[in-house]
Amino acid sequence: MAASTCCCQPAASARRVGPHGTVFGLDASPAMLELARRNAEQAGVQNVQFLHGTIEAIPLPGHTVDVVISNCVINLSDDKAAVLAEAFRVLRPGGRVGVSDVVTTQVLDEQARQRAEQRIGCAAGSLSVQEYRNLLVAAGFVRIAITLTADHGDGVHSAIVQAVKPAIGPGLEIRPMRDSDAAEVLAIYQAGLDTGQASFETTAPSWEGFTASRLPHLRYVAVDADSGEVLGWVAASAVSSRPVYAGVVEHSIYVHPGCQAHGIGRALLEAFIAATEDASVWTIQSGVFPENAASLNLHQALGFRVVGTRERIGCHHGLWRDVLMIERRSTLTGA
């Protein structure tokens, strides 16, 4: 299926999804919806459903569509965060956003914004490229690309905005970690520590300690799409405050003990890697006990390599243990 916020020309989208797919056309204007229906009838298009509503509150259930497209309308919304959150909600895992919009590459004063509005319209509420990117990240999207196209002067550009909802198995979803996830995240953390194979730590920290030691972004949870139960998490910590290490992070990943061997860890780690690429992180590193073969195999399958062994680095439950140091270098920066 595909969803579109542009109702005027559904025929092209209907052809792309094929006879077994469905196009949803969404608009807040009854007159525009009527025009779209007439156009669809004239084109002989059958697989289109027209919805009366707004892009801030899409009248569809979650996990309904594979693609969200729009033609220069998000910049007109007064609540762009809600628009992107709704796009994330209605997309199935692995689904894509591909929209055209108007963005700025610099801060515009009121005069510059008015000049751009007079030339092209649709510029009054436009975001900067970085603001747009930040909202996409906050909504949960990865593999974000904002490609500037036409230059309209005064730092105003048309742009193609693309992003992906992290992929995971049926009935599951990967989204940014929230404060409301605290109890479940820490319970999974403790369960992992109790195995004796996850860390030298024996007790999970408080939520305040957890959040203080980890970056505010690059935190994700895998949840049951129906109940919202947290089934696993991944998060990153800064390695150093020195500027030279700005693109280096250390990560932790834990999966509920009753949900292992279901691909949740792999999906979480793949989403995390994609998010680090978006954030210009060039090295992800961590330490793994040699006995934790499942974790080591997972990381190596996704491009991590063992770079050394710290022998008898710490005493854990009465045993002096080695730690394998692993890292993954970005494939985008050439690091």
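The values are calculated or read from the model by the stated rules, or taken from the named source; none is laboratory data. Only a predicted model underlies this, so the values are computations on that prediction, with no experimental measurement involved. Backbone-built Cβ (ideal geometry, glycine too); neighbour counts: all protein chains shown. These area figures cover heavy atoms from the full protein model, side chains too; ligands, DNA and RNA do not enter into them. Shrake-Rupley method; radii C 1.70, N 1.55, O 1.52, S 1.80 Å.
Some values worked out for this structure:
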{"read-out": "Number of positions in region 69-98 that are modelled with pLDDT of 95 or more, surrounded by 15 or more Cβ atoms within 10 Å (Cβ to Cβ) and of a type in the set (A, V, I, L, M, F, W, C)", "value": "9"}
{"read-out": "Test result for Ala31, of a type outside the set (Val, Ile, Thr), more than 24 Å from Val164 (Cβ to Cβ) and not in a loop (DSSP other than H, G, I, E, B)", "value": "yes"}
{"read-out": "Residues within region 247-294 that are open to solvent by less than 20 Å² (accessible area, probe 1.4 Å) and in contact with an Asp or Glu (Cβ under 7 Å, 6 or more places away or on another chain), tallied", "value": "3"}
{"read-out": "Among the candidates Gln42, Gln111, Gln130, residue that is loosely packed, with under 14 Cβ neighbours inside 10 Å, under 19 Å from the mean Cα position of the chain (by Cα) and either modelled with pLDDT under 95 or in a helix (DSSP H, G or I) (or both)", "value": "Gln130"}
{"read-out": "Count - residues of region 229-251 that are modelled with pLDDT under 95 and within 20 Å of Leu186 (Cα to Cα)", "value": "0"}
{"read-out": "Any hit, region 183-195, residues being assigned to a loop (DSSP other than H, G, I, E, B), among the hydroxyl-bearing types (Ser, Thr, Tyr), farther than 16 Å from Val102 by Cβ and open to solvent by less than 30 Å² (accessible area, probe 1.4 Å)", "value": "no"}
{"read-out": "Count of residues meeting criterion [modelled with pLDDT of 95 or more and out of contact with any Asp or Glu (no Cβ under 6 Å at 6 or more places or on another chain)] in region 315-335", "value": "9"}
{"read-out": "Of all residues in region 306-335 being in contact with a helix residue (DSSP H, G or I) (Cβ under 9 Å, 6 or more places away or on another chain) and either exposed (fewer than 15 other Cβ atoms within 10 Å of the Cβ) or not charged (D, E, K, R) (or both), the one that is farthest from Trp282 (Cα to Cα)", "value": "Leu324"}
{"read-out": "Filtered residues of region 144-161 (kept if assigned to a strand (DSSP E or B), crowded, with 16+ Cβ neighbours inside 10 Å and not small (Gly, Ala, Ser))", "value": "Ile144, Ile146, Val156, His157, Val161"}
{"read-out": "Number of the exception - Ala198 against (1) at pLDDT 95 or above; (2) not in a helix (DSSP H, G or I)", "value": "(1)"}
